[in-house]
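The block underneath contains the structure these notes are about, expressed in structure tokens.
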Amino acid sequence: NLHSFPTRRSSDLTELRAEWKSELRTGIFLHQAGLGLVSNQSAYRYHAERSEGNTPVDSMGSNRIRDLGHFYFQEVIEPNRLLRLKAGIRMNLDPATRQLFWQPRAGAEILPAEGLKLYLNSGIYRQFLTKIPRIDINGNVDWIWLLPDGNGDGSLKAVQHLAGLKLEKRGWLINA
């Protein structure tokens, strides 16, 4: 027989954010810029005492803090009422590792009718906070937040291409 004692677990995620954003329109150009600082702290504790045989004590603990600065600049060009083009760059700075992460992005929107938008966006995206499954020795799944470690291991980089249609009419929204 395997006897299980009470399992103790706790999970906490705290985020503090300070940001500044600005826009300036000159003719067909809309200049957008912003900067900010985000501080995330995650703490996760799991402990389950098991008895009998060679079954180990199942436990895990993680406590991480991650501060990131960011800056972005985007240029939006609207040559006419049917077309909107966007190009920009986002930069993240990790003070702990002194690494810069450059993330260029671009997009286009076609506005054929009031409330209807067709869009295509592409770019590089970095993810520094990730929700991952933690599986114990009995196969039980528990979702926890993971921040990269001090070396930067654990951050994710993705090249994303998004295409879609957005329709807003009389209080209804379809976004696919």
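Local charge sum around SER10 (other residues, Cβ-Cβ under 14 Å, Lys/Arg +1, Asp/Glu -1)?
My count for the surroundings of SER10 gives +2.
Could you order LEU37, LEU111 so the one with the most accessible surface comes first? Probe is 1.4 Å.
My answer, sorted largest first, is LEU37, LEU111.
Suppose accessible area is computed on protein heavy atoms with a 1.4 Å probe; arrange GLU15, GLU75, GLU114 from highest to lowest.
Values: GLU15 90, GLU75 40, GLU114 165 Å².
Highest to lowest solvent-accessible surface, that is GLU114, GLU15, GLU75.
So how exposed is ARG84, as accessible area in Å² (1.4 Å probe, rounded to 10)?
60 Å²
What are the ³J(HN,Hα) values, in whole Hz, obtained from phi via the Karplus relation 6.51 cos²θ - 1.76 cosθ + 1.60 with θ = phi - 60°, for each residue of region 118-126 in sequence order, with x given for Gly and Pro?
Calculated HN-Hα couplings, in order: 10, 9, 9, 10, 9, x, 9, 10, 10 Hz.
Given the alpha-carbon gyration tensor of region 94-176, what are the semi-axes of its equivalent ellipsoid in whole angstrom, ordered largest first, with each equal to the square root of 5 times an eigenvalue?
Ellipsoid half-lengths, sorted descending, are 36, 22, 10 Å.
Under 11 Å from a point 7 Å along the Cα-to-Cβ line of SER39: which residues of region 15-31 have their amide N that close?
15-18
In whole Hz, what ³J(HN,Hα) sequence does region 99-104 give by Karplus (6.51, -1.76, 1.60; θ = phi - 60°), x for Gly and Pro?
Result, rounded to whole Hz: 9, 9, 10, 8, 9, x.
What does the accessible area of HIS47 come to, in Å² to the nearest 10, when a probe of 1.4 Å is used?
About 50 Å², ignoring ligands and nucleic acids.
Under a 1.4 angstrom probe, counting protein chains only, how are LEU165, LEU120 ranked by accessible area, largest first?
Final ranking, largest accessible area leading: LEU120, LEU165.
Which ³J(HN,Hα) values, rounded to whole Hz and listed in residue order, are derived for region 10-27 from phi using the Karplus coefficients 6.51, -1.76 and 1.60 in 6.51 cos²θ - 1.76 cosθ + 1.60 with θ = phi - 60°, glycine and proline given as x?
My calculation for region 10-27 gives 8, 9, 9, 10, 10, 10, 10, 9, 10, 9, 10, 10, 8, 9, 9, 9, 9, x Hz in order.
The values are calculated or read from the model by the stated rules, or taken from the named source; none is laboratory data. Since the structure is predicted, the reported quantities are computational estimates derived from the model, not experimental observations. Neighbour counts run over all protein chains shown; Cβ positions are idealised from the backbone, glycine included. Heavy atoms of the whole protein, side chains included, go into the accessibility calculation; ligands, DNA and RNA do not. Shrake-Rupley method; radii C 1.70, N 1.55, O 1.52, S 1.80 Å.
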